[in-house]
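Structure, as structure tokens:
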Amino acid sequence: MREIDYFRFMERIWARPKRAGLKLAPRSCPIHQGENRTKPNPISKAIPLQTKRQIHGGPLGEVKETMLAKGRCCHQVEYISKRYDLETLSYLAKIDVIDHRQVDHEQCSRHPSCVAYNTNVARYKIQHAAPNCSCGMISTPSEDLNNLINSGKTPLISIENGTDTVAQPQLRVIPHSEDSRYIAISHVSGDGFGNPNQNALPWCQIRRLAILLQAMQTPFENREVSVCFLLGINCLGPISLFIQSPKLLLWMDTLCIPADPKDTSLRLSQINNMASIYENALSSLVLDAELMATVVDPVRISAEARARIACSLWMWRGWTCLEGRLPPKLTIAFNNTLAVMGGSCWGSYTESLYPYQPSERRYICRQDVEANLTYGPNISRTRSSESSLIRCVCVDITLQKSFHRAYFSKVDYEFAEAWNQLSGRIITNAHHTPFIIANMIGFDIRPLLRYRKSHEMFQEILLSLDMVTFSFFFTSAPRQDENGNHQNRWIPRDIGADMLTAEMGLRIHTSHLSYRYYPDDKNLSIYCMGGVVSLKTKLYFHCATNNTTYVVDAAMSVADEMDAGDFSATYIIIEKTRVPGRDVKQRGACFYLQSTKSASSRFSRPTLELTYICPIQLEEVQIRDRLPQEKDGYHTGVLFTAACELRIRYGTYPYPVMRPTL
């Protein structure tokens with residue numbers, strides 16, 4: 001067996017695909033051992049009626065105010081609050097923000113998502129590793145890059161050293177092969193590693209990449225392979241051999257995806273291959289300005305280091321969600337240490353630290369003092385002893401579990417998981433969202449290239465699935481033509497801040513979506529009101545079956561209503577499961593029942609033909625608490641208790657109208 005065969009064999013074992021799921025070793029806090037400390041967010045629990053109006057104050061409100069006072073974006077605060085319990089949020093609120101990007105989030109509150117970090121391509125300014133650096137640009141050979149992509153191959157970059165230690169490094173394009181060992185770069189474009197106009201970066205940034213690649217050679221270099229293990233025999237002696245690893249290459253969108261507008265077809269072909277590019281990489285290398293300015297404990301990943309990862313801009317961007325989940329390992333670059341996280345050859349989740357000193361690496365030049373991976377005075381040092389911030393390891397365990405869940409866990413509902421991972425994240429261009437989801441769930445993006453609007457791309461993806469969660473109707477995500485008189489108001493055009501619940505399976509058919517409902521359904525409650533009820537204004541709904549009253553609001557504006565002549569009743573479907581990060585209001589959706597008689601027989605359950613109208617928010621109140629000013633705003637209904645099949649009609653693009661125009 002040749003040496004390279006040994007190497008390939010061990011690579012297949014050592015770098016297992018993430019989608020198989022990596023087991024996280026159980027941990028317990030020595031102080032709170034035996035206690036259930038992994039509580040969900042308190043606001044996701046059923047809250048007593050008398051305390052509902054106090055939820056926005058109290059500890060949660062104080063924690064959010066603290067995070068806002070430290071300069072964090074209001075949307076980032078909401079994003080984080082949906083993913084952690086109150087104890088962990090309190091700890092995250094104590095982490096100072098490294099003022100490196102110097103952005104102002106004052107305008108973000110007036111927009112549905114953060115706008116301070118948006119990248120303006122027309123005014124994009126290429127950044128050097130240090131403010132005083134004035135080195136030149138180093139480009140990827142464009143002819144070699146285009147020729148290689150035209151031949152159907154994936155380009156990789158090799159950073160070649162010059163003739164001496166002060167010579168400018170060069171970039172060489174190398175085609176990807178079965179034996180290629182490369183690192184896929186995952187970066188925040190605004191931190192200096194982006195270039196929308198050409199495949200080039202400043203000399204200092206290329207040298208920084210070379211330093212990091214050389215530092216990664218240690219965790220990804222020689223593999224000690226047991227001969228007895230390869231032969232499948234038992235042996236007591238330490239018989240082993242070392243396999244020499246070739247030089248690490250890199251793949252980076254800035255250098256490997258053609259930037260010239262004339263090469264649009266080549267660019268799209270590379271975007272279509274991004275999933276396989278990251279899956280076949282040895283690891284992603286995370287480059288975030290705040291993390292790279294943080295000096296961490298080189299012995300272990302501390303809770304503060306995990307907190308800075310959780311609050312980093314990299315964790316909040318849309319594309320980085322894809323880039324971090326697909327590779328078998330994930331490497332995060334701190335100022336003095338590389339944190340390598342991923343699977344071992346036995347399928348378990350591991351974390352390793354590899355300290356390095358940038359000044360002792362190669363490519364030393366006269367600008368080393370300015371471009372040595374630091375940002376002057378804006379350097380944060382994590383404490384090896386965190387007694388002043390935390391007294392137990394409960395927060396550390398929670399942050400580790402959350403990170404493992406986001407990037408290394410096995411999930412059954414891939415679309416719902418992809419949606420949840422992207423919900424609340426920053427995606428500057430809404431048209432990129434369908435491409436990100438398509439790559440995350442393994443959907444070929446070539447059919448999406450036929451469309452110019454994001455809702456058309458979402459429709460193509462959704463209708464290709466066998467099943468989607470029913471909670472898809474409950475989200476307040478922006479939807480295509482949400483005021484149109486058609487059956488496809490449920491098709492989104494972007495991902496909002498609401499998350500999906502994966503347990504409720506909604507089957508997708510040729511012309512409708514179906515869900516089998518039973519009286520003991522643990523996920524949904526169905527209420528019926530006679531006639532067509534308008535949702536333009538707030539309404540009060542009382543159910544005599546269980547003597548409950550709800551205040552109902554549309555979760556998004558409803559400027560135009562459906563034609564009432566085609567419908568005979570209004571159905572309110574409420575989600576029983578509380579979603580972390582939401583207030584006391586429950587999620588639901590409004591449907592209209594079509595006038596056609598519901599089908600039923602002796603051997604089949606009744607079928608309700610429904611048309612989706614919009615998502616709603618409901619708050620349960622006492623009858624005596626609030627009464628409508630007008631009788632028109634008060635409605636009564638009944639709880640639907642019979643087993644039935646829900647059929648939500650839809651039509652493919654172009655959308656059909658509900659009634660023919662005269």
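Things worth noting here:
- Restricting attention to segment 338-354, the residues that are at pLDDT 85 or above and out of contact with any helix residue (DSSP H, G or I) (no Cβ under 9 Å at 6 or more places or on another chain) add up to 3.
- From R452, R425, R381, R405, residue being modelled with pLDDT of 55 or more, charged (D, E, K, R) and closer than 30 Å to S511 by Cα: R452
- A93 satisfies every condition listed in (1) small (G, A, S); (2) within 17 Å of M315 (Cβ to Cβ); (3) open to solvent by 60 Å² or more (accessible area, probe 1.4 Å) except (3).
- Any hit, segment 586-594, residues being in contact with a Lys or Arg (Cβ under 7 Å, 6 or more places away or on another chain) and modelled with pLDDT of 65 or more: no
- Here segment 453-476 is the region considered, the condition is being assigned to a loop (DSSP other than H, G, I, E, B) and open to solvent by less than 10 Å² (accessible area, probe 1.4 Å), and the residue that is nearest to C114 (Cα to Cα) is T475.
- Matching option when the condition is open to solvent by 30 Å² or more (accessible area, probe 1.4 Å) and touching a Cys at 6+ places or on another chain (Cβ under 8 Å), among V121, V115, V103: V115
- Those strands (runs of 3 or more DSSP E) of segment 146-254 in which at least 1 residues are within 28 Å of S134 (Cα to Cα) and either open to solvent by less than 40 Å² (accessible area, probe 1.4 Å) or modelled with pLDDT under 90 (or both), considering only elements entirely within it, cover 155-160, 170-175, 182-187, 200-202, 249-251.
- Residue list for segment 434-448, restricted to those being at pLDDT below 85 and among the small types (G, A, S): G442
- Some residue of segment 501-521 being open to solvent by less than 10 Å² (accessible area, probe 1.4 Å), part of a helix (DSSP H, G or I) and closer than 27 Å to S568 by Cα: no
- Residue under evaluation R300, criteria (1) of a type outside the set (V, I, T); (2) part of a loop (DSSP other than H, G, I, E, B); (3) surrounded by 22 or more Cβ atoms within 10 Å (Cβ to Cβ), criterion not met: (3)
- Single condition I301 does not satisfy, out of (1) closer than 23 Å to C392 by Cβ; (2) in contact with a Ser or Thr (Cβ under 7 Å, 6 or more places away or on another chain): (2)
- Segment 264-285 residues that are over 15 Å from L250 (Cα atoms) and part of a helix (DSSP H, G or I), paired with ones that are among the aromatic types (F, W, Y) and at pLDDT below 90 (beta carbon under 7 Å, 6 or more apart): I271/F435
- Considering (1) more than 23 Å from C644 (Cα to Cα); (2) open to solvent by 30 Å² or more (accessible area, probe 1.4 Å), the lone condition that L535 does not fulfil carries the number (2).
- Segment 152-179, subset over 31 Å from the mean Cα position of the chain (by Cα) and free of Cβ contacts under 8 Å to residues at least 12 places away in the same chain, residue nearest to M274 (Cα to Cα): G162
- The residue that is nearest to E417 (Cα to Cα), counting only those in segment 439-452 that are crowded, with 20+ Cβ neighbours inside 10 Å and more than 13 Å from the chain's Cα centre (by Cα), is F443.
The values are calculated or read from the model by the stated rules, or taken from the named source; none is laboratory data. All values derive from a computational prediction rather than experimental measurement. Cβ: placed from backbone, ideal geometry, glycine included. Neighbour counts: every protein chain shown. For accessibility, only protein heavy atoms count, side chains too; no ligands or nucleic acids. Shrake-Rupley method; radii C 1.70, N 1.55, O 1.52, S 1.80 Å.
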